[in-house]
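For reference, the structure is listed below as structure tokens.
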Amino acid sequence: MELNEIAKKMCEKGKGILAADESTGTIAKRFKSINVDNLEQNRLNFRQTLFNSSAMKNYIGGVILFDETIRQTTTLGLTIPELISKHGVIPGIKVDKGAKPMAGSNDETITEGLDGLRERLKEYYKLGARFTKWRAVYKIGNDFPSKQSIKSNAHALARYAALVQESKMVPIIEPEVLMDGSHNIDKCYDVTTDVLNECYNELNTHKVDLKGTVLKPNMIIPGIDCKEKSSAEQIAKKTLDCLKKNVPSEVPGIAFLSGGQTEIESSKNLNEINKINDTSFLITFSYGRGLQASALKEFGKDQKNTENIQKAFNHRAKMNGLSSKGEWSEKLEKDSAA
Ligand code: 5MM
């Protein structure tokens, strides 16, 4: 498949991406919150339960995996990429090595992982991956994000994307402006504008074919401690405006991260965005917490209760599938949950 076709399939109307690429440290936090030991077998159990849910076929276009997961074989006898592909879903892989402290700018990070990336990509392709993900992290504060953080993270994202396309896979470009802090929605709009601009400058310099990429941005949203709350309509308007002004129209798909929003908030906001989407972008979800929080709770109650875990996941995937078409509503949320 051509890169543009893969990108469009990942973000197909009614579907989105499941971000199940928590590194061992991140999944440790998630499991701690439900009192589950962070063992390889438990990580496999949880993930294979999600990847074998009925929602996969109807509402999921791609799954982002972590290095450990793409190599695992399920108790059903299939490898994880085989299980995912069986449902017609595209397997993908997180290839960054994490956000590390940035020399020269206290409290900011640079995402690492470029060394040896070309070789790692060849292996991931053989294991079945057809798209990849790299996340850059920017925090908002008095002096943040610095020019240094915006420039160096964009440069790394572009070098990553160029290598991924050379390996015949679609790069997901994830510049995440964090929700942490008390900044208002306009500050998030301004910082996201600067971040996106620099990313597309660098992607252009590195000759990345934008038709074969997917953008995974944050929504334009006030900081978690901001006193001025914004409605879903305001968030949608500002988010779409920011994307229209800063994302080139060749980009086929935009799949948001949930970033700490609740499951319902992330569905509602995505729905509002799609209700007013007058662009050619396929706008959808690439949620980690926004898709998995309820299923994770069920897993914590009883790891063996596959039915309840899958029920929770199927419901969230269906709700977000509706949001990707602007067809979600609070009534459907309640009816379907019942
Ligand atoms: C699922 O979490 C992903 C992995 O995080 P770490 O590399 O820190 O372990 C993360 O990159 C994720 O893809 C995005 O942040 C979106 O997840 P949320 O939970 O924000 O929707």
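How long are the three semi-axes of the equivalent ellipsoid for the range 228-303, computed from the Cα gyration tensor as the root of 5 times each eigenvalue, in whole Å, largest first?
Result for the range 228-303: semi-axes of 27, 15, 9 Å.
Do any trypsin sites (Lys or Arg not before Pro) in the range 127-173 lie in a loop, going by DSSP, with at most 16 other beta-carbon atoms within 10 Å of their beta carbon, and if so which?
Those satisfying the criteria are Lys168.
Lys268: which lysines have alpha carbons under 16 Å from its alpha carbon, excluding same-chain residues fewer than 8 sequence positions away?
Partners found: Lys15, Lys229, Lys237, Lys238, Lys318, Lys325, Lys331, Lys334.
Only bridges with both residues in the chain count here: give the DSSP antiparallel percent, nearest 5.
Of the beta bridges lying entirely in the chain, close to 15 percent run antiparallel.
How many percent of Cα pairs in the chain exceed 24 Å?
52
Quick one: which residues, 5+ away or cross-chain, put their amide H under 5 Å from the amide H of Ile60? H built at 1.01 Å from N.
Amide H neighbours of Ile60: Gly16.
May I ask you to list the trypsin sites (Lys or Arg not before Pro) in the range 176-213 that are in a DSSP loop and have at most 11 other Cβ atoms within 10 Å of their Cβ?
Sparse-neighbourhood loop trypsin sites (Lys or Arg not before Pro): Lys207.
Within 10 Å of each residue's Cβ, count the other Cβ atoms and sort Thr75, Thr111 from fewest upward.
Taking fewest neighbouring Cβ atoms as first place, the list is Thr75, Thr111.
Take every DSSP beta bridge with both residues inside the range 117-231 and express the antiparallel ones as a percent of the total, to the nearest 5.
Around 10 percent of the beta bridges assigned by DSSP in the range 117-231 are antiparallel ones.
Count the net charge of all other residues whose Cβ sits under 11 Å from the Cβ of Ala28, scoring Lys and Arg as +1 and Asp and Glu as -1.
Taking every Cβ under 11 Å from that of Ala28, the sum is +2.
Taking the radius of gyration and the Kirkwood hydrodynamic radius from Cα positions alone, what is the Rg/Rh ratio for the range 116-168, to two decimal places?
Ratio of gyration radius to Kirkwood radius for the range 116-168: 1.13.
Restricting things to alpha carbons, tell me how big the range 102-143 is in terms of Rg and Dmax, in Å.
Cα-based Rg and Dmax for the range 102-143 come out at 14.9, 45 Å.
For the range 184-321, state what percent of all Cα-Cα pairs lands in each successive 5 Å bin, counting from 0 Å until the bin that includes the largest distance.
2, 10, 18, 20, 17, 13, 10, 6, 4, 1, 0
So which GluC sites (Glu not before Pro) in the range 1-100 pass both tests, a DSSP loop state and at most 13 other Cβ atoms within 10 Å of the Cβ?
Qualifying residues, ordered by number: Glu2.
We did not get these values from a lab; they are worked out from the coordinates using the rules stated. Note that the structure is predicted; figures quoted are calculated from it, not measured. As a convention, Cβ positions derive from the backbone with ideal geometry for all residues, glycine included, and neighbour counts pool all protein chains shown.
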